[in-house]
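Reviewing the structure listed below.
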Amino acid sequence: MLPSTIGFALFYLIPFGMGLVYSVLDHTVGGSFVGLSNYQELLSSGSFRKAVSNTFWFTAVNVPVMLMLSLGIALMLNRNLYLRRFLRMAYVLPLVVPVASVVMVWQVLFDWNGSLNAWMHAAGLEQVDWMKSAWARVVVSVFYLWKHIGYNIILFLAGLQSIPRDYYETADLEGAGKWYQCYGITLVYLTPMMVFVVLMSIMNTFKIFRETYLIAGDYPHDSIYTLQHYMNNMFLAMDVQKLSAAATLMVIGIYIIVAMLLRLEKRYTHFME
């Protein structure tokens, strides 16, 4: 474990500690202690509040949708379904396709002169500037779901196949219906996996910046301006103090969400037992 520990400390732990120090200084080199003034300026910034609002909206909407879709598809693929192997491969395929290739396809589809607008024009419909209007939020959300749903399906399939079949056979003998088996057996034993999927989905929402940046460019529509865009702008402006403060607040927010989810999982599991 020593090489991994050294790598984690060198590339994650030490830089985060340095970021905490920079967030309370007025300059990174020869700076003086200014307390929480960087955080106060950050919270009073309209662009930062907009980035937080967009990031929160994106996470609050897409994570539940991701959970329901991936769980529903996993339940379907766990049955003796026609073309089950082909469907499993189709859902996992986005995970192995390079990001640059995927972004190029989405640009061809959603550009002003792209394929989707060409089809709409041929059908007599008005063209839409997808990435420069409120539709940009929908496009990024669909991309996020399409890109990451396959991984969550694999996790749910692993969780479903680890549930002993004896439980379902006993429930059948006792007269339990399909809905009760789903609620009383499947969802109960999938709770740890569901929490893990939610956590991974939340982390992935914070990593959607790469795809958004490649699709929409340096200055995206206001509806998809997220925390990563704000921190990228602070990096380009060499305002490391506000960048560090924003990163610290983001880590605190993620920590609170993770702690709440783990506490809810513990209480739910204890209640069901």
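Got at least one residue in segment 24-38 being in a helix (DSSP H, G or I), acidic (Asp, Glu) and surrounded by 11 or more Cβ atoms within 10 Å (Cβ to Cβ)?
No, segment 24-38 has no match at all.
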query: Out of the residues in segment 204-256 that are under 23 Å from Pro64 (Cα atoms) and among the aromatic types (Phe, Trp, Tyr), which is most open to solvent (accessible area, probe 1.4 Å)?
result: Tyr255
message: So Gly19 ticks every box in (1) open to solvent by less than 30 Å² (accessible area, probe 1.4 Å); (2) among the small types (Gly, Ala, Ser); (3) assigned to a helix (DSSP H, G or I); (4) out of contact with any Ser or Thr (no Cβ under 8 Å at 6 or more places or on another chain) but one. Which box is left unticked?
response: (4)
query: Out of segment 101-123, which residues are open to solvent by 70 Å² or more (accessible area, probe 1.4 Å) and touching a residue at least 24 places away in the same chain (Cβ under 8 Å)?
result: Gln107
query: Is there a residue in segment 39-46 that is more than 14 Å from Asp239 (Cα to Cα), part of a helix (DSSP H, G or I) and either in contact with a strand residue (DSSP E or B) (Cβ under 6 Å, 6 or more places away or on another chain) or open to solvent by 60 Å² or more (accessible area, probe 1.4 Å) (or both)?
result: yes
- request: Output yes when any residue across segment 72-84 is in contact (Cβ under 8 Å) with a residue 40 or more places away in the chain, out of contact with any Lys or Arg (no Cβ under 9 Å at 6 or more places or on another chain) and either over 18 Å from Lys178 (Cα atoms) or open to solvent by 70 Å² or more (accessible area, probe 1.4 Å) (or both), and no when none is.
  value: no
- request: Could you tell me which of the residues Gly30, Gly19, Gly7, Gly35 is among the small types (Gly, Ala, Ser), at pLDDT 90 or above and farther than 21 Å from Ala136 by Cβ?
  value: Gly7
Odd one out for Tyr189, checked against (1) open to solvent by less than 20 Å² (accessible area, probe 1.4 Å); (2) more than 22 Å from the chain's Cα centre (by Cα); (3) in contact (Cβ under 8 Å) with a residue 24 or more places away in the chain: (1)
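The values are calculated or read from the model by the stated rules, or taken from the named source; none is laboratory data. Here the structure is a predicted model, which means the values were calculated and not measured. Quick reminder, even Gly has a Cβ in these numbers, built from the backbone with ideal geometry, and neighbours come from all protein chains shown. Only protein heavy atoms, including side chains, enter the accessible area calculation; ligands, DNA and RNA are left aside. Shrake-Rupley method; radii C 1.70, N 1.55, O 1.52, S 1.80 Å.
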